[in-house]
Amino acid sequence: MLAVPPAIEPVTCEAVGTRTDRFIKELDVKLQEVTIRKTANFQITLTGIPATGGAPVTLFSEPQTICFTERFLLCAPDDIDVQCDVFDVVVDGAVCCVNGEAVVTVSLLICQSVTSETEVILEIEAAECRPREDIVLPVDFCPDIIFPPQCPTIFPAAHDDDKNDKKC
């Protein structure tokens with residue numbers, strides 16, 4: 001039989017437990033060890049052709065829940081919020097034969113972003129600013145339009161009756 005990658009619902013993640021201060025000597029900084037718990041529900045589907053032949057058979061496992069934790073070192077004292085966002089999940093599965101028994105293995109790769117966030121007040125040093133005068137661009141980008149000579153008998157000049165008797 002062949003294992004189809006398990007159907008997995010969105011993975012949730014959240015900071016849990018108490019934070020522990022850890023001094024990192026190499027960096028000369030105190031960080032907090034934060035535990036992130038990830039939870040997901042999935043169902044395994046097995047599809048294959050029976051050894052006796054016939055039509056393909058599909059088997060479904062009962063829905064399964066997995067839960068595991070991961071620890072991170074962050075700048076996250078108790079008054080700082082820790083955010084965990086899962087932006088991609090890659091799931092793969094296979095059937096292995098161990099001691100004559102079929103065993104399903106599932107691998108789960110979770111792409112996540114774990115950040116510590118808080119509101120802060122920033123002080124920015126700057127000088128007083130006043131609006132400047134408008135800068136007007138020159139309008140002489142285009143050359144003057146020069147009209148070619150005209151034949152006044154066919155195209156008389158506007159309001160100029162004296163020049164209408166000229167020939168082209």
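Only residues that are charged (D, E, K, R) and within 27 Å of the chain's Cα centre (by Cα): list them for region 50-78, please. Give the steps one after another, and end with the answer.
Quick first cut of region 50-78, residues charged (D, E, K, R) only: 62, 70-71, 78.
Hits for region 50-78 are 70, 71.
Any idea which residue in region 42-64 is farthest from residue 114 (Cα to Cα), counting only those that are hydrophobic (A, V, I, L, M, F, W, C) and open to solvent by less than 80 Å² (accessible area, probe 1.4 Å)?
Within region 42-64, the match that is farthest from residue 114 (Cα to Cα) is 55.
In region 102-115, what count of residues is obtained for those that are farther than 14 Å from residue 46 by Cβ and open to solvent by 70 Å² or more (accessible area, probe 1.4 Å)?
Quick first cut of region 102-115, residues farther than 14 Å from residue 46 by Cβ only: 107-115.
This time we only want the ones that are open to solvent by 70 Å² or more (accessible area, probe 1.4 Å), so: 109.
The total comes to 1.
Over 26 Å from the mean Cα position of the chain (by Cα), surrounded by fewer than 14 Cβ atoms within 10 Å (Cβ to Cβ) and not aromatic (Phe, Trp, Tyr) - does that describe any residue in region 31-41?
The initial filter retains those residues of region 31-41 that are over 26 Å from the mean Cα position of the chain (by Cα), namely 31-33.
If we keep only those that are surrounded by fewer than 14 Cβ atoms within 10 Å (Cβ to Cβ) too, we end up with none.
Scanning region 31-41 turns up no residue that is over 26 Å from the mean Cα position of the chain (by Cα), surrounded by fewer than 14 Cβ atoms within 10 Å (Cβ to Cβ) and not aromatic (Phe, Trp, Tyr).
Please go through region 70-94 and give me each residue that is farther than 30 Å from residue 19 by Cα and open to solvent by 50 Å² or more (accessible area, probe 1.4 Å), ordered by number.
92
Given 67, 97, which one is without any contact (Cβ under 8 Å) to a residue 40 or more places away in the chain, surrounded by fewer than 12 Cβ atoms within 10 Å (Cβ to Cβ) and in contact with a strand residue (DSSP E or B) (Cβ under 7 Å, 6 or more places away or on another chain)?
Working: 97 fails: in contact with a strand residue (DSSP E or B) (Cβ under 7 Å, 6 or more places away or on another chain).
That would be 67, the only listed residue that is without any contact (Cβ under 8 Å) to a residue 40 or more places away in the chain, surrounded by fewer than 12 Cβ atoms within 10 Å (Cβ to Cβ) and in contact with a strand residue (DSSP E or B) (Cβ under 7 Å, 6 or more places away or on another chain).
Taking the residues in region 1-23 that are of a type in the set (A, V, I, L, M), modelled with pLDDT under 90 and in a strand (DSSP E or B) as candidates, determine which candidate is least open to solvent (accessible area, probe 1.4 Å). If you could, list the steps in order and put the result at the bottom.
Let us first name the residues in region 1-23 that are of a type in the set (A, V, I, L, M), namely 1-4, 7-8, 11, 15-16.
Pick out the ones that are also modelled with pLDDT under 90 and you get 1-4, 7-8, 11.
This time we only want the ones that are in a strand (DSSP E or B), so: 2-4, 7-8.
Working: 2: 120, 3: 15, 4: 60, 7: 67, 8: 53 Å².
My answer is 3.
Would you tally the residues in region 79-105 being among the hydrophobic types (A, V, I, L, M, F, W, C), closer than 23 Å to residue 35 by Cβ and over 20 Å from the mean Cα position of the chain (by Cα)?
Here is the first cut: in region 79-105, the residues among the hydrophobic types (A, V, I, L, M, F, W, C) are 80, 82, 84, 86-87, 89-91, 94-98, 102-104.
Now drop any that are not closer than 23 Å to residue 35 by Cβ, which leaves 80, 82, 84, 86-87, 89.
Narrowing the set further to residues that are over 20 Å from the mean Cα position of the chain (by Cα) leaves 80.
Count: 1.
The values are calculated or read from the model by the stated rules, or taken from the named source; none is laboratory data. None of the values given here were measured: they were computed from a predicted structure. FYI the Cβ positions are ideal-geometry reconstructions off the backbone, even for glycines, and counts take in every protein chain you see. Quick note on the areas: whole protein, heavy atoms, side chains included, nothing else; ligands and nucleic acids left out. Shrake-Rupley method; radii C 1.70, N 1.55, O 1.52, S 1.80 Å.
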